[in-house]
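Working notes for the structure below.
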Amino acid sequence: MPLQTIEAQEAAAPYVVAKNTSSAANLSAAALRTLFRIADAWKLGSKELMQLLGNPPRSTFYKWKQGEKVALPHDVLERISYLFGIYSALQVLLPQAEAADAWLKKPNTAPLFGGRSALDRMRSGQVADLYVVRQYLDAQRGG
């Protein structure tokens with residue numbers, strides 16, 4: 001298949017990967033399992049989690065949730081990586097799991113959040129907002 005045709009297909013369907021390599025699919029499966037556990041700890045609904053993942057099609061999201069093996073697109077893996085970093089930083093900053101998990105939804109007076117919660121900032125759909133929250137927590141940690 002010519003390269004242009006492959007690129008056109010990927011642009012038309014960014015959440016479908018035509019040929020999955022088993023290592024990419026295994027990495028994606030592990031990332032999704034961990035992500036769904038974190039989402040449970042944070043008490044996130046499907047709508048919130050979909051927003052954090054960049055609003056994939058609903059059917060795609062539920063396939064991921066059911067454990068269908070796929071190689072995730074790079075942008076989704078990037079978002080998941082930021083979410084893992086946020087989770088990890090919260091565990092360090094707030095050693096009590098309940099406090100760490102609740103922080104995400106509490107109003108925050110830091111200028112970055114303007115009285116809104118970190119989750120509100122993160123749900124904008126922009127990967128940059130995940131990065132900013134991660135950077136904020138890393139700075140609070142001294143990292």
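Each value in this text was obtained by applying a stated rule to the coordinates, not by laboratory testing. Computed from a predicted model, the values in this text were never measured in an experiment. Cβ atoms come from the backbone with ideal geometry, glycine included; neighbour counts cover every protein chain shown.
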Practice task
Provide Leu53, Leu44 in ascending order of the number of other Cβ atoms located within 10 Å of each residue's Cβ, fewest first.
Solution key: Leu44, Leu53
Exercise for the section: Compute the distance in nm between two label points, each set 7 Å from the Cα along the Cα-to-Cβ direction, one at Ala24 and one at Ser46. Expected result: 2.7
Practice task
Work out the P(r) tail for the range 70-143: percent of alpha carbon pairs separated by more than 13 Å, whole number.
Solution key: 66
Handout entry: Residue exposure sequence - Lys65, Lys106 - by fewest surrounding Cβ within 10 Å
Key = Lys106, Lys65
Problem - Ala102 paired with Asn55, simple spin-label distance in nm, labels 7 Å along Cα-to-beta-carbon - result: 3.2
Exercise for the section: Taking H placed 1.01 Å from N in the peptide plane, check which residues at least 5 places from Ser117 or on another chain put their amide H under 5 Å from its amide H. Expected result: Asn108
Fill in the blank from the handout: If each K or R counts +1 and each D or E counts -1, the residues other than Ala29 whose Cβ falls under 15 Å of its Cβ total +4
Problem - Scattering curve values for the range 20-141, log₁₀ I(q)/I(0), Debye with Cα scatterers, q = 0.09, 0.14, 0.15 Å⁻¹ - result: -0.24, -0.58, -0.66
Fill in the blank from the handout: Most exposed first, judged by fewest Cβ atoms within 10 angstrom, Trp42, Trp103, Trp64 run Trp103, Trp42, Trp64
